[in-house]
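To start, the structure itself, in structure tokens.
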Amino acid sequence: MAVEYRYPDFLCIGVQKAGTSWLDVNLRRHPQIWLPPMKELQFFSHVHLPATRRWTDRQRRHRGLQFLRRYMERNAPEAWNYRYVGRLADLIAGPVTDGWYGRMFALASPERICGEMTPEYSLLPEAGIEHVLRLSPDVRIILSLRDPIERSWSHIRMLARQRGIEAAAELVPFAHVEDHLERADYAAIVARWRRFIPEDRFHVVFMDDVAERPYEVLEKLCGFLGVSYEPGVFKRAEESVHAGEAQEMPPAVLAALKENLKPAYDGIAALYPEIGARWTARYY
């Protein structure tokens, strides 16, 4: 019998531009794992980061319509799963409530664990993390981290594309945006979440390892989530997902990032000395 509400067994909380799409694509291939139709449900960010509503509502409507049209075009009406169609309609129309979120995960069969990937969750305040735990008291948290300057440069390029900016001089202000710097403060993100999540339910993935040892990363992640590691499921793990086009960083942007992000490197080196030292050595 189908349940009406269910909440995630795990969340990947980001960070942005640090391999969450790669994680999403690969975990969707595992038969013991269920993920929602759409990556980045943005539920907790919608509730606790009000500024995100300027774009998250539009994103859900746009993607929800895409998924609904595709499903209805590919399946004959007599074969439609109306519970699934209803959840796609929820993506489009909301309202975004605890019940909305719980009905989404109720689509997962009981024998599968379920979760979602929303990088914006890395920025949740303590009230947001407490909300997560009210719904999912035993939730497991995955945090994916990338060299701060590399992450920031990827983020800047994305913003520039969205706004049609090409001139190098116009990119420098992005290196000083407070929100942009907050996303690189990994030590603060870890500290905030670890106040609520014990070590055995908090798993960190480094993008360097994804690039160099993708199968080892997935094997450890399966162990963390309590599902079997099946190498055959991950045959395409070496493929990049949504990799941006390489672009040389303008010297002025690099100089600004080096100045602003040095505390971020110091913080990660204190938490994870080996990777922190490697990242620091690249730029300092």
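FYI, it's all coordinate maths here, none of it is from the lab. Just so you know, these numbers come straight off a predicted model, no measurement behind them. Reconstructed Cβ throughout: ideal geometry from the backbone, glycine too, with neighbour counts over all protein chains shown.
Mind putting a number on the dipole of the stretch 59-208 about its Cα centre? Charges go on the C-beta only, +1 for Lys and Arg and -1 for Asp and Glu, and I need it in Debye to the nearest 20.
600
In whole Hz, with x marking every Gly and Pro, tabulate ³J(HN,Hα) for the stretch 45-57 from phi via Karplus 6.51 cos²θ - 1.76 cosθ + 1.60, θ = phi - 60°.
5, 4, 7, 10, 10, x, 4, 5, 5, 4, 10, 5, 4
What translational diffusion coefficient, in µm²/s and rounded to a whole number, does the Stokes-Einstein relation yield for the chain at 10 °C and a viscosity of 1.306 mPa s, taking the hydrodynamic radius as the Kirkwood radius over Cα pairs?
The Stokes-Einstein estimate is 79 µm²/s.
To the nearest 20 debye, what is the magnitude of the charge dipole of the chain about its Cα centre, counting +1 on the Cβ of each Lys and Arg and -1 on the Cβ of each Asp and Glu?
780
Restricted to Cα positions, what overall size does the stretch 162-284 have along the principal axes? Three whole-Å values, descending.
Between the extreme Cα coordinates on each principal axis of the stretch 162-284 lie 50, 34, 28 Å.
Hey, if you put +1 on the Cβ of every Lys and Arg and -1 on every Asp and Glu Cβ in the stretch 1-135, which of 132, 77, 121 ends up farthest toward the positive end of that dipole?
Value computed over the given set: 77.
Which three numbers, in whole Å and largest first, are the semi-axes of the equivalent ellipsoid of the stretch 54-156 derived from its Cα gyration tensor as √(5λ)?
Ellipsoid semi-axes (Å, largest first): 29, 20, 14.
Using the count of nearby Cβ atoms within 10 Å as a rough guide to exposure, how do 97, 280, 118 rank from fewest to most?
Arranged by neighbour count, lowest to highest, 97, 280, 118 become 97, 280, 118.
If neighbour count is taken as other Cβ atoms inside 10 Å, put 12, 222 in order from fewest to most.
Placing the least packed residue first, the sequence is 222, 12.
Just rank 45, 240, 136, fewest to most, by other beta-carbon atoms within 10 angstrom.
Ascending number of Cβ neighbours within 10 Å: 240, 136, 45.
Taking amide H atoms as placed 1.01 Å from N in the peptide plane, list the residues 5 or more away in sequence, or in a different chain, whose amide H sits under 5 Å from that of residue 144.
Amide H neighbours of residue 144: 13, 14, 15, 205.
Enumerate the amide H contacts of residue 42 below 5 Å, restricted to partners 5 or more residues apart or on another chain; note that Pro and chain-start residues carry no placed amide H.
So residue 42 has HN proximity to no qualifying residue.
I want to verify the translational diffusion coefficient of the stretch 3-128 in µm²/s; compute it with Stokes-Einstein, Rh as the Kirkwood radius over Cα pairs, at 37 °C and 0.692 mPa s.
217
Work out how far the C-alpha atoms of the stretch 71-230 reach from end to end along every principal axis, then list the three figures in whole Å, largest first.
Between the extreme Cα coordinates on each principal axis of the stretch 71-230 lie 57, 40, 35 Å.
Two decimals is fine: what is log10 I(q)/I(0) at q = 0.19, 0.21, 0.22, 0.23 Å⁻¹ for the stretch 119-179, from a Debye sum with one equal scatterer on every Cα and no solvent?
One equal scatterer on each Cα of the stretch 119-179 leads to -0.81, -0.89, -0.93, -0.97.
Hey, if you put +1 on the Cβ of every Lys and Arg and -1 on every Asp and Glu Cβ in the chain, which of 265, 100, 237 ends up farthest toward the positive end of that dipole?
Ranked along the dipole, the leading option is 100.
Express the relative contact order of the chain as a whole percentage, based on alpha carbon pairs under 8 Å and six or more residues apart in sequence.
About 28 percent, as a whole number.
Lysines within cross-link reach of residue 258: Cα-Cα under 26 Å, excluding same-chain residues under 8 positions apart?
17
So what's the stretch 32-75 giving for Cα Rg divided by 2.2 N^0.38 Å, two decimals?
1.36
Tell me, rounded to the nearest percent, the portion of alpha carbon pairs in the stretch 137-230 spaced more than 22 Å apart.
46
So if I restrict to the alpha-carbon atoms in the stretch 8-56, what is the Rg, and what is Dmax, the biggest pairwise distance, in Å?
Cα only, the stretch 8-56: 12.1, 36 Å (Rg, Dmax).
Net charge around residue 71, counting only other residues with Cβ within less than 15 Å of its Cβ (Lys, Arg = +1; Asp, Glu = -1)?
Net of charged neighbours comes to +3.
Okay, helix-only estimate at 222 nm for the chain: each DSSP H run of n ≥ 4 adds -39500 (n - 2.57), divide by all residues, round to 500 deg cm²/dmol; what do you get?
Taken over the chain, the calculation gives -16000 deg cm²/dmol.
I'm checking a number: the convex hull volume of the Cα atoms of the stretch 218-284, normalised per residue, in Å³. What is it?
Here the figure is 140 Å³ per residue.
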